1. In debye, nearest 20, what is the charge dipole magnitude of segment 13-139 about its Cα centre with +1 on Lys and Arg Cβ and -1 on Asp and Glu Cβ, if you could check?
2. Charges on Cβ only, +1 for Lys and Arg, -1 for Asp and Glu, centred on the Cα centroid of the chain; of GLN92, GLY51, MET73, which one is farthest towards the dipole's positive end?
3. Which distance in nm do the two modelled labels at VAL63 and MET43 give, with both placed 7 Å along the Cα-to-Cβ direction?
4. R0 = 30 Å: FRET efficiency of ARG121 with VAL94, Cβ-based, nearest 0.05?
5. Once you sort the root eigenvalues of the Cα gyration tensor of segment 82-141 as a ≥ b ≥ c, which label holds: rounded (a/c under 1.5), prolate (a/b larger than b/c) or oblate (the other case)?
6. What is the distance in Å between the Cα centres of segment 52-82 and segment 106-146?
7. Using alpha carbons only, how many degrees (0 to 90, rounded to 10) separate the axis of helix 97-108 from the longest principal axis of the chain?
Amino acid sequence: MKTYSAKPEDVTRKWYILDASKAPLGRISTQAAKLLIGKDKPMFTKNIDCGDYVIVINAAQLVVTGKKMDQKMYYRHSGYPGGLKELSLSEQMVKDPTKVIYHSIRGMLPVNKLRDERLNRLKIYSDEQHKHEAQKPEQFSIGESK
């Protein structure tokens, strides 16, 4: 019996909607990463991008547990001495709630040549409105597998 290896022309991509107000940030991120990678498909091959499109809605109503809103920090550095900037999760949510989810999902994807292509298939919106109705996305409920 031969080992199956997916080919790029064999990949069929579906569209899924994840609601960020229904589950905690970590659960949303792991499900989105799994869908973007295509890990739940039987044709999954490590070196071929066989993942799906993921739309995350309601990023402004993001759910986190514990004291993460005040204690989780995001850091960036300007490159100059003393140029370390930090924002708490609550400050980042006020500034741009979509970046919180993007940063979380990006950290869960493997660091290789396919990561940028996978992140291009991730669409994040701060409310329920999105412009992908023509693609007929399916609602994906967290906690169930495909």
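1. Details: 23 positive and 14 negative charges, 85 e Å.
Approximately 400 debye in magnitude.
2. GLY51
3. Rounded to a tenth, the inter-label distance reads 3.4 nm.
4. Numbers: r = 27 Å, r/R0 = 0.91.
According to the calculation, E is roughly 0.65.
5. Values: a/c = 2.74, a/b = 1.37, b/c = 2.00.
Oblate.
6. 17 Å
7. 50 degrees
Each reported figure results from applying straightforward, stated rules to the coordinates on display, with no laboratory input. This one's a predicted model, so the numbers in the text were calculated from it and none came from an experiment. Quick reminder, even Gly has a Cβ in these numbers, built from the backbone with ideal geometry, and neighbours come from all protein chains shown.
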